[in-house]
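Below is one structure, written out as structure tokens; comments come after it.
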Amino acid sequence: MRLIRISTREVALLLDPPTRAAIIGAVATAISALVAVVGVSITIISTRRRERQDQLLKLRRETYLNFSDDASEAIGALTTLHQSNVTYYTKKEVISKFARSVNEMAMLGDQKTVESVTDYKDAFDAQFDLIISEKSKGANEDELLKLCQVAFHKLGPLGVELNLAIRKELRISTKKGWFRGKRSIREKMRQVFDTKP
């Protein structure tokens, strides 16, 4: 038996014109269907990715807003430690809530935000522990009030850096100099008002 070699072109020429047109149409349809499937798949994948990013961004915003509230309460607790009726135990719930918020931010934030929130929390803890320690040693209310004021002012620049890190992560545009400028104006005003004639 002898093998007959026929090229694709010869086969195409052997077919009558309507059959050739049907085959060409079928191949074109298969190619366009394949392109459509690939296009739909890419659209679905990109839509899911965008939805995940939107969900993460929404979760971050919610977490960061909660952190802001909890940090404000914690600062409020810190600045009232000079009062004789305020102790660690009366503010324990507020401080625990603040610590939980910091942990949530550490889970969701990017590296800069996590570093900033960790620095802020460490500084807060150091100031809180210092005031509680001085209070347990018997410092008077005026001395404790000064420590509370110092703590508040030490946390300010760290709060600005944290705010800038969060705004950058959430893609909220802000001029860095504006925040830092506001802080330096407040510092100058504090120096003017804190000096006694």
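Please treat every number below as a calculation from the coordinates, not as lab data. Treat the numbers as computed from the prediction; the structure is a model and nothing was measured. In this analysis, Cβ positions are derived from the backbone assuming ideal geometry, glycine residues included, and neighbour counts consider all displayed protein chains.
Whole angstrom only: what separates the Cα centroid of region 10-31 from the Cα centroid of region 106-132? Value for the Cα centre distance between the two parts: 72 Å.
Note on T79 and Q53: with the Förster distance fixed at 45 Å, the Cβ-Cβ geometry gives a FRET efficiency of about 0.75. Over region 1-121, the hull volume per residue, using the convex hull of the C-alpha atoms, is 188 Å³. What residue among A26, V114, T43 has its Cα farthest toward the positive end of the dipole of region 25-116, where the charges are +1 on Lys, Arg and -1 on Asp, Glu, each on the Cβ? Selected residue: A26. In sequence order, region 131-146 has phi-based couplings of 5, 4, 5, 5, 5, 5, 7, x, 4, 7, 5, 5, 5, 5, 4, 4 Hz under the Karplus curve 6.51 cos²θ - 1.76 cosθ + 1.60, θ = phi - 60°, and Gly or Pro positions carry x.
So what is the relative contact order for region 21-116, in percent, with contacts set as C-alpha pairs under 8 Å and at least six apart? The partial results should precede the final answer.
On the way: 31 pairs, mean separation 26.4, N = 96.
With pairs under 8 Å counted, the relative contact order is 27 percent.
Cross-link partners of K97 among aspartates and glutamates, defined as those whose alpha carbon lies under 14 angstrom from its own and excluding same-chain residues fewer than eight positions apart: D69, D70, E73, D125.
Rounded to the nearest whole Hz, the Karplus-based 3J(HN,Hα) values (6.51 cos²θ - 1.76 cosθ + 1.60, θ = phi - 60°) of region 52-62 follow the sequence 4, 5, 5, 5, 5, 5, 5, 5, 4, 4, 4, with x at glycine and proline.
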